[in-house]
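Have a look at the structure below, then the notes.
The values are calculated or read from the model by the stated rules, or taken from the named source; none is laboratory data. Please read all numbers here as calculations on a predicted model, not as lab measurements. FYI the Cβ positions are ideal-geometry reconstructions off the backbone, even for glycines, and counts take in every protein chain you see. Ligands, DNA and RNA are stripped out before the accessible areas are found, and what is left, the full protein with its side chains, is counted by its heavy atoms. Shrake-Rupley method; radii C 1.70, N 1.55, O 1.52, S 1.80 Å.
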Amino acid sequence: MEQRHLGRTGLRVSRIGLGTLTWGRDTDEHDAADLLKVFWEAGGSLVDTADVYGDGESEYLLGRLVEGLVPRRDLVISTKAGSVPDPDRRFDGSRGHLLSALDASLARLGTDYVDLWQIHAYDTGTPLDETLQALDIAVSSGRARYAGVSNFCGWQLAKAGTWQLAAPGTRTRIASTQMEYSLLQRGVEREVLPAAVDLGIGLLPSSPLGRGVLTGKYRSGTPADSRGGSDHMAPFVAPYLDEAARHIVDAVAIAADGLAVTPLQVALAWVRDRPGVTAPIVGARNAQQLTAALSVEALSLPDEICQALDDVSAPVHRYPDQDWSTL
């Protein structure tokens, strides 16, 4: 699998990442082992998790599999901290919480360091410089090799990235931002992606297959064994089952038929090769699904197909994103 630099850093990662959101909850140890082995054998290196995935079980499961199944040195392990199970405060970006959460993640993962540590979301209740200081401490102490953020909107990412660059050699530059991005969700193109490109921050798209909808599996209804068919994941999929999404999914299916490939491959290749993207994070229920996703490595979409998909899925961006002097 082709490797790409993560943002403007020396860290190289596989251009498809493996997501572990369901590990320890819907994905048991046997299936997780199959997924990790298939991913590694295909040349994949970037494995993404978070301290809240499965209430910590995702990290714990990944830690059990590393070394016994895949050499630690072959993986780029990324985890996140900052989300908390508190209905009154969803995110805690305080220095104390973040560093404690990192120590707990390392214990579950059974490693002395993570390759990439990301702040899970922006915390309006904590000064940003305090949150970012946790990244500096994590890297300077050796507990994290690189640092990033997740779910920061455009101005938040620009502010954080600029703050870190303002004191080179003292503060840790932000290497990555993880955001949802697909043909069904192009909101990051408004401000997040331009900020990331300008600051040299690599984008790690989550849900690159539109929460599974872009595979075409929901075109004739909701399969019982799909995420949309499960009680706890159905609300996650539902926003992408509307009429607007159907038109985009139909266009992806037409493109796939013309190229003699699958809708999954078309949708994943589109987001993988967007400007500013380093590596989409793909989640899979089993090794067969993951193998299907990894088969996209051999596919590059023709320019005319990319343009057609751009047109059918184009978000409405007017003032002030377009050249307002012509309005």
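Of the residues making up the range 176-210, those that are part of a loop (DSSP other than H, G, I, E, B) and of a type in the set (S, T, N, Q) number 1. Being buried (at least 19 other Cβ atoms within 10 Å of the Cβ) and of a type outside the set (Asp, Glu): is that true of residue 143 here? In short, no.
Looking across the range 106-140, just one residue is open to solvent by 60 Å² or more (accessible area, probe 1.4 Å) and hydrophobic (A, V, I, L, M, F, W, C), and that is 107.
Check whether at least one residue in the range 295-318 is at pLDDT 95 or above and at positive phi, and report yes or no. Taking every residue of the range 295-318 in turn, none turns out to be at pLDDT 95 or above and at positive phi.
Listed by first and then second residue, the pairs with beta-carbon distance under 9 Å, at least 6 apart or on different chains, first residue in the range 49-63 and in contact (Cβ under 8 Å) with a residue 24 or more places away in the chain, second assigned to a helix (DSSP H, G or I) and aromatic (Phe, Trp, Tyr), are 54/60; 59/53.
Which numbered condition in (1) open to solvent by 20 Å² or more (accessible area, probe 1.4 Å); (2) outside any loop (DSSP other than H, G, I, E, B) is the only one that residue 87 fails? Here residue 87 clears every test but (2). Note on the range 140-158: residues that are aromatic (Phe, Trp, Tyr) and not in a loop (DSSP other than H, G, I, E, B) total 2. Does at least one position in the range 20-43 carry a residue that is out of contact with any Cys (no Cβ under 8 Å at 6 or more places or on another chain), of a type in the set (Gly, Ala, Ser), under 20 Å from residue 117 (Cβ atoms) and open to solvent by less than 20 Å² (accessible area, probe 1.4 Å)? No, the range 20-43 has no match at all.
Okay, residues lined up against (1) more than 19 Å from the chain's Cα centre (by Cα); (2) open to solvent by 50 Å² or more (accessible area, probe 1.4 Å); (3) aromatic (Phe, Trp, Tyr):
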position: 256; (1), (2), (3): yes, no, no
position: 269; (1), (2), (3): no, no, no
position: 274; (1), (2), (3): no, no, no
position: 278; (1), (2), (3): no, no, no
position: 293; (1), (2), (3): no, no, no
position: 298; (1), (2), (3): yes, yes, no
position: 301; (1), (2), (3): yes, no, no
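Among the residues of the range 50-61, the one identified as closer than 15 Å to residue 72 by Cα and open to solvent by less than 10 Å² (accessible area, probe 1.4 Å) is 59. Of all residues assigned to the range 203-213, at least one qualifies as being charged (D, E, K, R) and at pLDDT below 95. Selection of the range 274-298 for residues being touching a helix residue (DSSP H, G or I) at 6+ places or on another chain (Cβ under 8 Å), free of Cβ contacts under 8 Å to residues at least 40 places away in the same chain and either under 17 Å from residue 181 (Cα atoms) or of a type in the set (A, V, I, L, M) (or both) yields only 292. Set side by side, the residues 154, 148, 125 differ, and just one is more than 19 Å from residue 203 (Cβ to Cβ) and of a type outside the set (Asp, Glu), which is 125.
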